[in-house]
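K.L.:
Here it is, the structure, as structure tokens.
The values are calculated or read from the model by the stated rules, or taken from the named source; none is laboratory data. Predicted model, so just to flag it, every value in this text is computed and none were measured. Note: ideal-geometry Cβ built from the backbone for every residue, glycine included; neighbour counts use all protein chains shown.
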Amino acid sequence: MRGVRAIAVPEDSLLAGFGGSEDYRDAFCREVPGAVSLEQFIERFYCSMVFWPERLVLSLIGRGASSADARALARGEVDRIAVWEVVERTDTAILLESKDTGTASWLAVEATTAGTNLLFGSWVGSLNDSGWKFMLHPHQWYSYVLLGGY
């Protein structure tokens with residue numbers, strides 16, 4: 001999936017400190033050429049063709065995630081998109097939680113000498129008790145595809 005690799009959750013990330021120590025977390029990285037801002041990453045991620053089916057489902061259940069919603073989130077004009085609400089945001093990272101699903105998503109950018117690392121990770125509270133455990137492998141595959149679609 002075009003240079004995407006699983007990585008350890010960075011210890012200093014918004015994701016690492018979220019939830020309890022027993023909760024599930026994962027992180028994925030893709031290096032791309034050039035400088036990419038967090039705003040650009042958020043917009044491209046949520047407006048990508050890979051994310052489009054998820055946006056469609058969210059729209060059908062009345063939890064819209066339009067391109068306009070994604071752009072507003074990217075620009076910091078809103079603190080919510082579909083089922084996710086911003087927990088914390090910095091110049092280089094954003095953490096969004098869905099209390100409805102007991103999950104969270106983390107997006108971050110990191111400048112490198114060759115370009116930008118795009119980082120994407122997830123959190124699931126109490127994985128063994130949440131019902132999400134059976135979704136772990138499909139979720140990991142989907143994470144590779146999402147980040148690869150940038």
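K.L.:
Which of the residues belonging to region 114-138 are without any contact (Cβ under 8 Å) to a residue 60 or more places away in the chain and farther than 18 Å from residue 20 by Cβ?
P.N.:
Start the filter on region 114-138 by keeping residues that are without any contact (Cβ under 8 Å) to a residue 60 or more places away in the chain, which leaves 128-131, 133-135, 137-138.
If the condition is that a residue be without any contact (Cβ under 8 Å) to a residue 60 or more places away in the chain and farther than 18 Å from residue 20 by Cβ, then 134, 135, 137, 138 are the ones that fit.
K.L.:
Could you tell me which of the residues 54, 43 is without any contact (Cβ under 8 Å) to a residue 60 or more places away in the chain and under 18 Å from residue 140 (Cα atoms)?
P.N.:
On the way: 43 fails: under 18 Å from residue 140 (Cα atoms).
Exactly one of 54, 43 is without any contact (Cβ under 8 Å) to a residue 60 or more places away in the chain and under 18 Å from residue 140 (Cα atoms), namely 54.
K.L.:
Please list, ordered by first then second residue, the pairs with beta carbon atoms under 6 Å, 6 or more apart or interchain, first in region 3-24 and farther than 14 Å from residue 108 by Cβ and of a type in the set (A, V, I, L, M, F, W, C), second part of a strand (DSSP E or B) and modelled with pLDDT of 95 or more.
P.N.:
Cβ pairs passing all conditions: 4/28; 4/30; 6/28.
A quick yes/no check of all residues on (1) among the aliphatic types (A, V, I, L, M); (2) surrounded by 15 or more Cβ atoms within 10 Å (Cβ to Cβ):
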| site | (1), (2) |
| --- | --- |
| 83 | yes, yes |
| 95 | yes, yes |
| 99 | no, no |
| 102 | no, yes |
| 109 | yes, yes |
| 124 | yes, yes |
| 129 | no, no |
| 133 | no, no |
| 143 | no, yes |
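K.L.:
Being under 22 Å from residue 143 (Cβ atoms) and surrounded by 14 or more Cβ atoms within 10 Å (Cβ to Cβ) is the filter here, so list the residues in region 60-79 that pass it.
P.N.:
Correct list: 63, 65, 69, 70, 73, 74.
K.L.:
Restricting the search to region 57-84, which residues are farther than 19 Å from residue 41 by Cβ and either touching a Pro at 6+ places or on another chain (Cβ under 9 Å) or free of Cβ contacts under 8 Å to residues at least 24 places away in the same chain (or both)? Step through it out loud before you land on a result.
P.N.:
To start, the set of residues in region 57-84 that are farther than 19 Å from residue 41 by Cβ comprises 57-64, 83.
Residues satisfying the conditions are 57, 59, 60, 61, 62, 63, 64.
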